[in-house]
Amino acid sequence: MADQQRKAEVSRKTKETDIQITLVIDGSGETNISTGIGFFDHMLDALGRHSQMDLTVKVTGDLHIDGHHTVEDTGIVLGQALSQALGDKMGIMRFASAYVPLDEALSRAVVDFSGRGSLVFRPPLTGMTGELDASLVREFFAAVADNAKCTLHLESLYGDNLHHKVESMFKAVAVALRDAMASNTRMKGLPTTKGAL
């Protein structure tokens with residue numbers, strides 16, 4: 001895997017959104033994000049920075065309606081890009097978890113690149129932080145997990161400030177992704193007993 005550059009470029013255009021995402025898994029956390037939703041840009045910047053992926057996200061969406069299509073569809077394309085960049089998943093750690101605080105808020109993310117897309121998300125989030133409807137955070141990560149073919153358990157364990165809760169969740173996912181996608185130099189082949197992921 002050391003000789004293989006893990007990167008992807010994925011585009012998706014519908015009547016609701018036009019999205020281009022480029023990522024390099026083994027990057028340095030450089031980001032260039034533009035979704036039209038300022039707080040969502042901030043979260044994707046944090047995701048790229050703390051996962052140490054180089055991440056470019058360009059989105060034009062039907063924000064005159066609301067942010068739902070923009071946020072969910074970005075998750076779809078990001079998940080597809082992760083899946084493409086990981087390829088056959090040979091030599092990755094596969095499992096990882098992270099606890100990340102932001103002031104009074106604490107979140108936990110646990111990821112398994114199992115080949116099966118699944119999200120456990122709790123508790124439900126409500127309210128607005130900037131221009132982002134916090135209920136869309138679940139929709140985003142559900143789309144990422146489904147399209148990246150990974151299992152993701154994501155919890156806001158506690159916190160008072162909605163901004164802090166959402167940001168700690170994105171950062172926890174970033175750190176868990178970084179560690180799960182890291183090279184496992186001790187294991188030969190796929191990280192599974194089944195012979196396939």
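None of the figures in this text is laboratory data; all of them are computed from the coordinates on show. These figures come from a predicted structure and were not determined experimentally. Note that each Cβ is placed from the backbone with ideal geometry, even for glycine, and that neighbours are counted across all protein chains shown.
If only the Cβ of Lys and Arg carry +1 and only the Cβ of Asp and Glu carry -1, the dipole of the chain around its Cα centre is close to 1000 debye. Set the Förster distance to 30 Å, then compute FRET efficiency between Tyr158 and Ser11 from the Cβ-Cβ distance, nearest 0.05. That gives a FRET efficiency of 0.20.
Which entry in [x] 16.6; [y] 18.9; [z] 17.4 matches Kirkwood radius over Cα pairs in Å derived from the coordinates of this structure? So the calculated entry is the one marked [x].
Full extension of the segment from Arg116 to Ala182, taken as 0.36 nm per residue of separation minus the current Cα-Cα distance, would add 21.9 nm.
Take every Cα pair under 8 Å whose residues are at least 6 apart in sequence, average their separation, divide by the length of the chain, and the relative contact order is 25 percent. Counted by Cβ distance under 15 Å from Ile21, the other residues give a net charge of -3, where Lys and Arg count +1 and Asp and Glu count -1.
Ranking Leu162, Thr56, Cys150 by how far each Cα lies toward the positive end of the dipole of the chain (charges on Cβ) leaves Cys150 at the top.
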